[in-house]
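Each reported figure results from applying straightforward, stated rules to the coordinates on display, with no laboratory input. The structure displayed is predicted, hence computed values, not measured ones. All Cβ positions, even for glycine, are placed from backbone atoms using ideal geometry, and neighbour counts span all protein chains on display.
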Amino acid sequence: MKLLITGGAGFIGSAVVRLAIARGHSVVNLDALTYAACLDNVASVASNPDYAFEQADIRDRAALDRIFAAHRPGAVMHLAAESHVDRSIDGPADFIATNITGTFNMLEAARAYWTATDKPATFRFHHISTDEVFGSLPADKAVKFTETTPYDPRSPYSASKAGSDHLVRAWHETYGLPVVLTNCSNNYGPYHFPEKLVPVIILNALAGKALPIYGDGSNVRDWLYVEDHADALLLVLEKGVLGRSYNIGGENERSNLQLVRTLCAILDDLRPKASGSYADQITFVTDRPGHDARYAIDPSRIRDELGWRPSVTVEQGLRLTVQWYLDHAAWWQPLQARAGVGQRLGTKA
Ligand SMILES: NC(=O)c1ccc[n+]([C@@H]2O[C@H](COP(=O)([O-])OP(=O)(O)OC[C@H]3O[C@@H](n4cnc5c(N)ncnc54)[C@H](O)[C@@H]3O)[C@@H](O)[C@H]2O)c1
């Protein structure tokens, strides 16, 4: 099938592009190439005859209409978004424009194209979203996010993603657009932009810098290897029930402090310091405003209905990730010079 994938030069989108090509799909990668993008993420497929790249902004409706008409995709996987919570605190406007208005443009362009092509039964609009739309969970391990958990977003980022989810459901109910939605937990893995927690910790550790932990490090996240997420996304695209949403998570809850200590232990093993442990560099810094206490996904629906399982444990995935960063300095070094990377953001609340 020919897939129009938005945000395919970003972290998760590029994993989906690489996997889709490996599985024999054709891919049109639509990306504006913002500060978070890197075309090196898709260099391994760039010369494949089944791959095409379109630099375009989802805020530009005319560009979207042109791309739908030129490429005639069989399905859309919509990942393009502003994705960094700390940046959303300092500058929410871009999050509203891209995540809400941009998704509106994608829905309208897809609806116009789907209607003009006689509403093919196989067409799908897959909207990729986050568990952050559900808000913050109590510490009680029995409570997890399901697909019926009420939305309760608490940051500009999660509120903008919640808004986009509501639009997608409305376009299904009102116009019959064939949609599926997914809400995933925190991803980590290769090509993760070096402003997010896992790469920040690995790269600061290697540079001998402080390893910053927000607050007391007790905030819990549910970690999933990015390639397992990409696998789940292609499965939902192919087999998900129309109008339905699927929560995706690896059932790997870790506090931020536990996660950072695990990364330090892996680094101590793979690239030992002359003396001491990388954990000696851990430093506690002022907490993020409105920092959600806990996220945890109940993945029963995607597991029971579609048979999805993650392929690696979080310890295996983190080891693969640390090794990847050790082997790919040529990828991450230039990205560290991009605006805002390496700075404390999200303090302007
Ligand atoms: N990272 C996570 O842990 C996580 C978890 C669950 C869901 N998600 C969702 O998955 C999607 C991808 O996340 P990511 O971490 O890969 O993000 P990312 O920031 O790494 O990549 C986003 C990509 O979208 C592109 N983009 C941004 N604004 C655009 C615009 N106006 N027009 C066209 N392209 C634009 C960027 O250039 C970039 O390539 C997002 O929708 C995010 O909400 C992320």
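Inter-label distance, Ala70 to Ala293: 5.0 nm, where each label sits 7 Å from its Cα along the C-beta direction. With Cα atoms as the point set, the radius of gyration and Dmax of segment 69-193 evaluate to 15.8, 51 Å.
The string of couplings for segment 145-157 from the Karplus curve (6.51, -1.76, 1.60, θ = phi - 60°) is 6, 10, 5, 9, 4, x, 5, 7, x, 10, 10, x, 4 Hz, one whole number per residue in order, with x for Gly and Pro. For the chain, the Cβ-based charge dipole about the Cα centre amounts to some 200 debye (Lys, Arg positive; Asp, Glu negative; other atoms uncharged). Here segment 47-132 is treated with +1 on each Lys and Arg Cβ and -1 on each Asp and Glu Cβ, and its dipole about the Cα centre works out to around 480 debye.
Think of segment 140-256 as a dipole: +1 on every Lys or Arg Cβ, -1 on every Asp or Glu Cβ, centred on the Cα centre; then among Val220, Ser185, Tyr157, Tyr157 lies furthest on the positive end.
Among the listed pairs Lys141/Lys209; Lys141/Lys273; Lys2/Lys119; Lys2/Lys239; Lys144/Lys348; Lys273/Lys348, give every one whose C-alpha distance is greater than 25 Å. Kindly include the intermediate steps, with their values, before the conclusion.
On the way: Lys141/Lys209 34 Å; Lys141/Lys273 36 Å; Lys2/Lys119 16 Å; Lys2/Lys239 16 Å; Lys144/Lys348 31 Å; Lys273/Lys348 36 Å.
Beyond 25 Å between Cα atoms: Lys141/Lys209; Lys141/Lys273; Lys144/Lys348; Lys273/Lys348.
For segment 17-101, the list of trypsin sites (Lys or Arg not before Pro) that fall in a loop by DSSP and count at most 14 other C-beta atoms within 10 angstrom reads Arg23. Of interest is the spacing of the C-alpha centroids, which for segment 1-35 and segment 247-305 amounts to 27 Å. Size of the chain from its Cα atoms: along the principal axes, largest to smallest, the extents are 67, 45, 40 Å. Distant-in-sequence amide contacts of Met77, defined by a placed amide H-H separation under 5 Å and a gap of 5 or more residues or a different chain, comprise Leu4, Ile5, Thr6, His126.
Order these peptides, 165-173, 73-81, by their mean beta-carbon neighbour count within 10 angstrom, highest first.
Details: 165-173: 17.4, 73-81: 24.1.
Top of the packing list down: 73-81, 165-173.
Scalar couplings 3J(HN,Hα) for segment 38-49, obtained by applying the Karplus form with A = 6.51, B = -1.76, C = 1.60 to θ = phi - 60°, are 7, 5, 4, 4, 10, 4, 5, 10, 4, 9, 5, x Hz; x denotes Gly and Pro. Is the C-alpha gyration tensor of segment 279-349 telling us rounded, prolate or oblate? Criteria: a/c under 1.5 is rounded; beyond that, a/b larger than b/c is prolate, otherwise oblate. Since a/c reaches 1.5 but b/c is at least a/b, the shape of segment 279-349 is classed as oblate.
Note on Ala279 and Ile96: the model spin-label points, each 7 Å out from Cα along the C-beta direction, lie 4.5 nm apart. Just how many % of Cα pairs in segment 50-124 lie over 19 Å apart, if you round to the nearest whole percent? Pairs farther apart than 19 Å: 40 percent.
With the cut-off at 1.5 for a/c, could you classify segment 1-115 from its C-alpha gyration tensor as rounded, prolate or oblate? It is oblate, given that a/c is not under 1.5 and a/b is not larger than b/c.
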